[in-house]
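The values are calculated or read from the model by the stated rules, or taken from the named source; none is laboratory data. None of these values were measured; they are calculated from a predicted model. Glycine also receives a Cβ, built like all others from the backbone with ideal geometry; neighbour counts cover every protein chain displayed.
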Amino acid sequence: MIIVMKNSAGQAALDAVEARVHAEGLETRVLPGEHKTVIAVIGTRPPELLQQLERMPHVEATIPISEPFKLAARTDTRERSVIQVGGVEIGNGSVTVMAGPCTVESPDQMAATAQHVASAGAQLLRGGAYKPRSSPYSFQGMGIPGLQLLAEAREATGLPVITEVLDPRQVEFVVDYADVLQIGTRNAQNYPLLCEVGACRKPVLLKRGMGNTIDEWLMCAEYILAAGNPDVMLCERGIRTFETSSRFTLDLNAIPLLRRRTHLPIVVDPSQGTGHWYMVHDMALASVAAGADGIIVEVHPEPETALIDGQQSLSFRHFSELMARLQPMAAALGRPLGAPVGV
Ligand code: PEP
Ligand code: MN
C-alpha cells in the first residue's frame, strides 16, 4: 500500500501515520516529493487499515498495490488451477461442456436428458433439485427425490453431476449426491453459504451475482478458498443492465479480465445469460473463443413444457447441433472438447 500525504502534512503528521502503521507490525519507507510526500507500506496489512488511515488528518489517499483476494489472485508464479471432477479435468486447456435441464422434473425427463447429453459429448450433467424462484408460489424443485434422480442418471451415464445448494443447511446432505456444488447468482454473496461450501471437499461452481463487479465476485470466491476449499470455478451468467431485450447481459469481457486476474477456471452460462434459446449457440461459441474453460447449458426433452426456463433451454436436436458447431471451433483454437466420459 502507498499512503499519499496532503501538501499540508508536516513532520508531526508523518510521524503519526508511521506510528499507526508500525503499530500493525508493518514497515514504512518515506518518499519525499516536490509537492507531496508518500509513504510506502511493506508487509501484509489488515484490510481495514486502508480506510482507517484515510480518516487521519493530512492523509490524502491510500492506494492498495496487491489484490485483496490473496488466494484467488493470479501471480506470475502460480499455475492456473485445474479442477478434477470424477475423471474430468476443468481448466486444463480443453473445453468442458456441462449440460442438462434447468431443474429435475421427473425420472423420464432426467434419464432421457442425461442419455442424450452424454451421447452428444457433454462431460458433466447439470440439474437443479433446489431452485431459487422469484415467487414463493412457483415450483421450488423436487428436493431430495430430485437429488436421487441425479445420482441415478450419473450411475446410468457415468457423467458427474452439478447441482445448486441454496441454504447452508443443505450442504451437508447435497454433498452425498453431487460431484460439484453450484452457488447461484442470488446467493453469490451469501457469506455463510460460501463458508459452508468452503468447508466441504467438493468442487464449487460460483456464479457471478447479477449485480456484482468482478472485484466483488473474486472476493466471494476468496471466501470459499479461505475456508479451505481450493476447487472453485467461476461462472459468468449475465449481469443486470438497462437492456431488456435479453434476460441478462452476458458479460464476455469478464473472461479475458478474469484470465488476467485469477488462476481459477472460468465457465460461462449462455442459457441464464441470454434467456433465449436461439442466442445460446452463438454466445456459447463466443465464450469459448474468448477463452472460457467451459460452458454450462440448459437442455430439455420438450422445452415448451419445461417447468422452469424452457424459453432458454435447448432441445436435444439443438444441443447436438451446438456440439457439432463447437467441435471444429475448439479444435481450430487448439483447445479440443474434453473427451466424452458418458455412456
Ligand atoms: C440455473 O442454473 O438454473 C440458475 C438458476 O442459475 P443462476 O443462479 O445463474 O440464475
Ligand atoms: Mn435455469
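Computed quantities for the displayed model
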{"item": "Selected residue [surrounded by fewer than 19 Cβ atoms within 10 Å (Cβ to Cβ), over 21 Å from Arg186 (Cα atoms), over 22 Å from the mean Cα position of the chain (by Cα) and of a type outside the set (Ser, Thr, Tyr)] from Ala324, Ala286", "result": "Ala324"}
{"item": "Residues of the range 237-269 satisfying the condition of being over 19 Å from Met323 (Cα atoms), assigned to a loop (DSSP other than H, G, I, E, B) and either of a type in the set (Asp, Glu) or in contact with a Ser or Thr (Cβ under 7 Å, 6 or more places away or on another chain) (or both)", "result": "Arg237, Gly238, Thr241, Glu243, Ser246, Arg247, Leu250, Asp251, Leu252, His263, Leu264, Pro265"}
{"item": "Any hit, the range 92-101, residues being surrounded by fewer than 16 Cβ atoms within 10 Å (Cβ to Cβ) and either among the charged types (D, E, K, R) or in contact with an Asp or Glu (Cβ under 6 Å, 6 or more places away or on another chain) (or both)", "result": "no"}
{"item": "Leading residue by the ranking (farthest from Ala61 (Cα to Cα)) among those in the range 5-38 that are in contact with a Lys or Arg (Cβ under 7 Å, 6 or more places away or on another chain) and buried (at least 16 other Cβ atoms within 10 Å of the Cβ)", "result": "Leu26"}
{"item": "Of residues in the range 79-127 being within 15 Å of ligand 2 (Cβ to nearest atom) and among the hydroxyl-bearing types (Ser, Thr, Tyr), the one farthest from Met233 (Cα to Cα)", "result": "Thr113"}
{"item": "Residues located in the range 230-253, provided they are surrounded by fewer than 24 Cβ atoms within 10 Å (Cβ to Cβ) and of a type in the set (Gly, Ala, Ser)", "result": "Ser245, Ser246"}
{"item": "Candidates Thr75, Thr44, Thr28, filtered to the one that is touching a helix residue (DSSP H, G or I) at 6+ places or on another chain (Cβ under 8 Å), more than 30 Å from Met142 (Cα to Cα) and more than 16 Å from ligand 1 (Cβ to nearest atom)", "result": "Thr28"}
{"item": "Pairs where the first residue, in the range 144-163, is surrounded by 24 or more Cβ atoms within 10 Å (Cβ to Cβ) and the second is at pLDDT below 95 and of a type in the set (A, V, I, L, M), C-beta under 9 Å, 6+ apart", "result": "Leu159/Val341; Leu159/Val343"}
{"item": "Leu218 vs. criteria under 22 Å from Val95 (Cβ atoms), under 15 Å from the mean Cα position of the chain (by Cα) and buried (at least 21 other Cβ atoms within 10 Å of the Cβ)", "result": "no"}
{"item": "Unique residue being within 11 Å of the chain's Cα centre (by Cα) and over 21 Å from Pro101 (Cβ atoms) when the list is Pro192, Pro265", "result": "Pro265"}
{"item": "Positions within the range 292-307 being hydrophobic (A, V, I, L, M, F, W, C) and surrounded by 19 or more Cβ atoms within 10 Å (Cβ to Cβ), in sequence order", "result": "Ala292, Ile295, Ile296, Val297, Val299, Ala306"}
{"item": "Selection count where residues are part of a loop (DSSP other than H, G, I, E, B) and either among the polar types (S, T, N, Q) or in contact with a Gly (Cβ under 6 Å, 6 or more places away or on another chain) (or both), scope the range 60-79", "result": "3"}
